[in-house]
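Enquirer: This structure is in structure tokens; I'll ask about it shortly.
The values are calculated or read from the model by the stated rules, or taken from the named source; none is laboratory data. All of these numbers come straight from a predicted model, not from anything done at the bench. So basically every Cβ, Gly included, is an ideal-geometry build from the backbone, and we count neighbours across all protein chains shown.
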């Protein structure tokens, strides 16, 4: 009986010790798992924190850029404000002055055109024409009035017309003169002229010399250019069209200094 009791007691002790040792092992395993999870959470949180810091840094850079741009815009606005302090009344006055100058120039050019037309009244319409274009007065002289075919020597009748023109221009101040030679598209090549461009330039220069040397027009107010066949006013497909393109244009332009001065002051 005693032996049986001892056996039962021994078995009870072994079972009790086994049970007691299992409980701490499970708790330890659970603690280790918890620590591992916390470590993973910490690593994840650290990664997110780095991303947030990078985004904050990028936002700071964008903010700095926007502040710089805003500063530049503000400076530009301040400069514009300081440069343009005209009142509405000042602007209206300036506009009125511009309109007055433009109208005065139109009046001068119209008067000049009429004076030239009167001075050259004896010449036929197929010899010359006088008109206003783009604010300039054009005196278009046909080849038949000025030159023989292929020549840059001005005929006596052409010299007479130029003399009458210079008499008007010498009484008109603040006018600049451009002489433009034009030809048709029929090729020319002689011992004197290489091509139409050469011929048109020589003709323009001949007219400049007659106006300045023979008729005392101011050399500082005149220039010459040759445009060859490249600016026709009529079709070169007909004899009449080619004749119309063989011309010399005297372009009279107003002095725009006062207008520019008012525009850019």
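Enquirer: Just checking, how many residues over region 116-129 are within 14 Å of residue 169 (Cα to Cα) and surrounded by fewer than 18 Cβ atoms within 10 Å (Cβ to Cβ)?
Expert: Adding up the residues that qualify gives 2.
Enquirer: Answer yes or no: is there a residue in region 157-172 that is more than 23 Å from residue 112 (Cβ to Cβ) and surrounded by 19 or more Cβ atoms within 10 Å (Cβ to Cβ).
Expert: Checking region 157-172: not a single residue is more than 23 Å from residue 112 (Cβ to Cβ) and surrounded by 19 or more Cβ atoms within 10 Å (Cβ to Cβ).
Enquirer: Here's a follow-up. Among the candidates 179, 207, which residue alone is more than 33 Å from the chain's Cα centre (by Cα) and either in a loop (DSSP other than H, G, I, E, B) or at pLDDT 95 or above (or both)?
Expert: 207 is the lone residue from the list that is more than 33 Å from the chain's Cα centre (by Cα) and either in a loop (DSSP other than H, G, I, E, B) or at pLDDT 95 or above (or both).
Enquirer: Can you name every residue in region 182-198 that is more than 30 Å from residue 255 (Cα to Cα) and not in a loop (DSSP other than H, G, I, E, B)?
Expert: Of everything in region 182-198, just one residue is more than 30 Å from residue 255 (Cα to Cα) and not in a loop (DSSP other than H, G, I, E, B), namely 196.
Enquirer: Looking at 133, 194, 159, 144, which is the one that is touching a residue at least 40 places away in the same chain (Cβ under 8 Å), over 23 Å from residue 238 (Cβ atoms) and out of contact with any strand residue (DSSP E or B) (no Cβ under 6 Å at 6 or more places or on another chain)?
Expert: 159
Enquirer: Among the residues of region 130-142, is there at least one that is part of a helix (DSSP H, G or I) and either at pLDDT 95 or above or surrounded by fewer than 17 Cβ atoms within 10 Å (Cβ to Cβ) (or both)?
Expert: no
Enquirer: Looking at region 143-156 only, could you name the residues that are in a helix (DSSP H, G or I) and either surrounded by 15 or more Cβ atoms within 10 Å (Cβ to Cβ) or within 41 Å of the chain's Cα centre (by Cα) (or both)?
Expert: 143, 144, 145, 146 - these are the residues of region 143-156 that are in a helix (DSSP H, G or I) and either surrounded by 15 or more Cβ atoms within 10 Å (Cβ to Cβ) or within 41 Å of the chain's Cα centre (by Cα) (or both).
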